[in-house]
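Enquirer: Below you will find the structure I want to go over with you.
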Amino acid sequence: MHTLSRPPSDLIAAIATGPGRGGVGVVRVSGTDIAPLAKAVLKRIPQPRHAQFSRFFDGEDRVIDEGIALYFAAPHSFTGEHVLELQGHGGPVVLNLILQRCVELGARLAEPGEFSRRAFLNGKLDLAQAEAVADLIDAASTEAARSAVRSLSGEFSARIAELVDALTRLRMLVEATLDFPEEEIDFLRDADAFGRLDAIDTRLAAVRAQAKQGAMLREGLTVVLIGQPNVGKSSLMNQLAGFEAAIVTEIAGTTRDTVREAIQIQGVPLHLIDTAGLRDTDDLVEQLGIARTWAAVENADVALLLVDAAHGVGEREAAILQRLPKAARLTLHNKIDVTSDVPRAVGDEVWLSAKTGAGIELLREKLLEAAGWQAAGEGAFMARARHLDALQRAARHLAAARAMAAQLELFAEELRLAQAALSEITGEFTADDLLGEIFSKFCIGK
């Protein structure tokens with residue numbers, strides 16, 4: 001279990017449904033002693049785990065609203081505490097009246113993510129599962145939602161637990177060798193310690209690959225379109241977006257600032273950035289746009305350099321390529337509708353027409369390939385930057401352990417550090433300040 005303190009016992013309350021108007025709205029209350037509040041609002045304590053039609057009363061016994069009351073007795077609830085859900089009509093005024101009544105009766109307004117935090121502290125969820133709750137709510141695609149559900153159901157956590165258990169068993173063998181150096185039996189050799197280390201390495205690599213796919217589904221990719229003026233960047237932006245997101249004219253320098261649009265390819269979010277054409281100019285506004293172009297390139301996951309298929313990569317395009325950072329890049333030979341070329345993809349080059357759409361599917365495939373996406377991403381876990389960092393540190397410590405095999409004390413220490421890094425993912429060992437930062441980004445009602 002994690003090493004953090006237990007949650008406070010006071011009552012917390014919040015509107016658990018999204019802002020705005022709707023047919024149904026929910027006010028959620030959680031705490032260790034919910035009976036007085038339930039009696040005051042409902043004039044009774046509902047039967048646990050049964051939906052019951054109820055009226056919700058104010059302090060003067062006037063009906064605020066009527067709807068469904070659901071009572072979940074501890075520990076059989078999301079938070080592990082007593083939970084009362086008041087499901088009324090989804091208007092902001094009436095929901096705030098119900099919430100205000102709960103506050104009058106001793107509840108306090110919940111902080112962002114406090115319900116999920118209590119679920120974590122009460123052992124109902126581990127930290128990776130708790131984060132998956134927020135990721136499921138924020139999912140921008142079907143694939144992202146499925147990935148978040150896999151993490152929420154515990155698949156990611158189970159894989160981490162398997163690695164931690166394997167490391168624990170290996171550490172026990174190493175510690176036994178350290179404790180009994182006079183024994184004739186070579187514990188490490190007989191127990192195939194290094195074969196076990198190889199197996200852990202292989203399993204960790206597989207988890208890292210799945211986590212990277214999940215992180216891509218969560219964060220998406222930033223794709224920047226660059227090239228000389230009038231080479232077709234805005235037309236390509238519109239072709240990929242499926243509508244006229246950028247203005248297209250025959251006038252060079254039409255795009256003077258970055259234009260951003262979000263799209264999806266196979267469920268992977270792509271943040272497209274159309275940029276000002278790269279050229280020497282005395283126009284101050286255009287110069288500012290070009291400066292922003294290079295700033296966008298620095299932060300991009302993939303850079304698309306558009307060139308005119310009629311002349312290919314010339315001196316100016318070569319100069320642009322030299323300035324590009326070592327991120328994934330593709331060179332697009334545009335306007336094949338004029339040159340009568342056929343759509344094709346060779347290496348990191350694609351021949352297409354942004355005007356007619358010829359070759360666009362090849363570009364979509366190349367974009368995902370350049371970003372490292374694997375089409376069969378069914379096993380992806382919804383991973384965050386901190387998860388990837390912890391997995392990377394664990395891999396580094398395992399590599400260091402292998403290098404320290406002749407020095408058992410150091411070998412054992414690197415195994416311990418690898419195990420600690422993995423344990424951070426599920427929150428088995430997590431600092432309180434990190435926990436606060438994680439849950440502060442959740443919805444109020446979660």
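The values are calculated or read from the model by the stated rules, or taken from the named source; none is laboratory data. From a predicted model like this one, the values you see are computed outputs, not experimental measurements. Backbone-built Cβ (ideal geometry, glycine too); neighbour counts: all protein chains shown. Ligands, DNA and RNA are excluded from the accessible area calculation, which covers all protein heavy atoms including side chains. Shrake-Rupley method; radii C 1.70, N 1.55, O 1.52, S 1.80 Å.
Enquirer: Only one of these is in contact with a helix residue (DSSP H, G or I) (Cβ under 8 Å, 6 or more places away or on another chain), open to solvent by less than 40 Å² (accessible area, probe 1.4 Å), on the phi < 0 side of the Ramachandran plot and modelled with pLDDT of 75 or more: 328, 309, 345. Name it.
Expert: The unique qualifying residue is 309.
Enquirer: Just to verify a result, which residue in the range 130-147, among those that are among the small types (Gly, Ala, Ser) and open to solvent by less than 20 Å² (accessible area, probe 1.4 Å), is nearest to residue 423 (Cα to Cα)?
Expert: Looking at residues that are among the small types (Gly, Ala, Ser) and open to solvent by less than 20 Å² (accessible area, probe 1.4 Å), I get 130.
Enquirer: Here's something else I'd like to know. Kindly indicate the residue of the range 33-86 that is within 32 Å of the chain's Cα centre (by Cα), touching a residue at least 40 places away in the same chain (Cβ under 8 Å) and open to solvent by 50 Å² or more (accessible area, probe 1.4 Å) and also nearest to residue 126 (Cα to Cα) among those meeting that condition.
Expert: So the residue we want is 78.
Enquirer: Select from the range 169-195 the residues that are open to solvent by 40 Å² or more (accessible area, probe 1.4 Å) and either modelled with pLDDT of 80 or more or hydroxyl-bearing (Ser, Thr, Tyr) (or both) and list them in ascending order.
Expert: 169, 171, 172, 194
One line per residue, one yes/no per condition, for (1) surrounded by fewer than 18 Cβ atoms within 10 Å (Cβ to Cβ); (2) of a type outside the set (D, E, K, R); (3) modelled with pLDDT under 85; (4) part of a helix (DSSP H, G or I):
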site: 117; (1), (2), (3), (4): no, no, no, yes
site: 120; (1), (2), (3), (4): no, yes, no, yes
site: 123; (1), (2), (3), (4): yes, yes, no, no
site: 128; (1), (2), (3), (4): no, yes, no, yes
site: 149; (1), (2), (3), (4): yes, yes, no, yes
site: 156; (1), (2), (3), (4): no, yes, no, yes
site: 162; (1), (2), (3), (4): yes, no, no, yes
site: 167; (1), (2), (3), (4): no, yes, no, yes
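Enquirer: Hey, among 145, 130, 140, which residue is within 20 Å of the chain's Cα centre (by Cα), over 30 Å from residue 196 (Cα atoms) and free of Cβ contacts under 8 Å to residues at least 12 places away in the same chain?
Expert: Result of the check over 145, 130, 140: 145.
Enquirer: For residue 403, work out the one condition from (1) free of Cβ contacts under 8 Å to residues at least 24 places away in the same chain; (2) within 29 Å of residue 160 (Cβ to Cβ); (3) open to solvent by less than 60 Å² (accessible area, probe 1.4 Å) it doesn't fulfil.
Expert: Among (1) free of Cβ contacts under 8 Å to residues at least 24 places away in the same chain; (2) within 29 Å of residue 160 (Cβ to Cβ); (3) open to solvent by less than 60 Å² (accessible area, probe 1.4 Å), residue 403 violates only (3).
Enquirer: In this structure, is residue 108 of a type in the set (Lys, Arg), farther than 21 Å from residue 213 by Cβ, in contact with a strand residue (DSSP E or B) (Cβ under 8 Å, 6 or more places away or on another chain) and buried (at least 18 other Cβ atoms within 10 Å of the Cβ)?
Expert: no
Enquirer: Can you pull out the residues in the range 87-100 that are out of contact with any Phe, Trp or Tyr (no Cβ under 6 Å at 6 or more places or on another chain), under 24 Å from residue 117 (Cβ atoms) and open to solvent by less than 30 Å² (accessible area, probe 1.4 Å)?
Expert: Of everything in the range 87-100, those that are out of contact with any Phe, Trp or Tyr (no Cβ under 6 Å at 6 or more places or on another chain), under 24 Å from residue 117 (Cβ atoms) and open to solvent by less than 30 Å² (accessible area, probe 1.4 Å) turn out to be 95, 99.
Enquirer: Let me ask something else. Select from the range 209-245 the residues that are of a type in the set (D, E, K, R) and more than 28 Å from the chain's Cα centre (by Cα) and write down the one among them that is surrounded by the most Cβ atoms within 10 Å (Cβ to Cβ).
Expert: So, considering only residues that are of a type in the set (D, E, K, R) and more than 28 Å from the chain's Cα centre (by Cα), the one surrounded by the most Cβ atoms within 10 Å (Cβ to Cβ) is 233.
Enquirer: Moving to a separate point now. For residue 373, all conditions in the list (1) modelled with pLDDT of 90 or more; (2) part of a loop (DSSP other than H, G, I, E, B) hold save one; what is the number of the exception?
Expert: With (1) modelled with pLDDT of 90 or more; (2) part of a loop (DSSP other than H, G, I, E, B) applied to residue 373, the lone miss is (1).
Enquirer: Another question, if that's okay. Within the bounds of the range 36-54, is there any residue that is modelled with pLDDT of 95 or more, touching an Asp or Glu at 6+ places or on another chain (Cβ under 6 Å) and over 30 Å from residue 422 (Cβ atoms)?
Expert: no
Enquirer: Just name the residue that is most open to solvent (accessible area, probe 1.4 Å) out of those in the range 406-440 that are modelled with pLDDT of 80 or more and not in a helix (DSSP H, G or I).
Expert: 407
Enquirer: How many of the residues making up the range 57-92 are assigned to a loop (DSSP other than H, G, I, E, B) and of a type in the set (Ser, Thr, Tyr)?
Expert: Matching residues across the range 57-92 total 2.
Enquirer: Looking at (1) open to solvent by 10 Å² or more (accessible area, probe 1.4 Å); (2) at pLDDT below 65; (3) touching a strand residue (DSSP E or B) at 6+ places or on another chain (Cβ under 7 Å), find the lone condition where residue 295 falls short.
Expert: (3)
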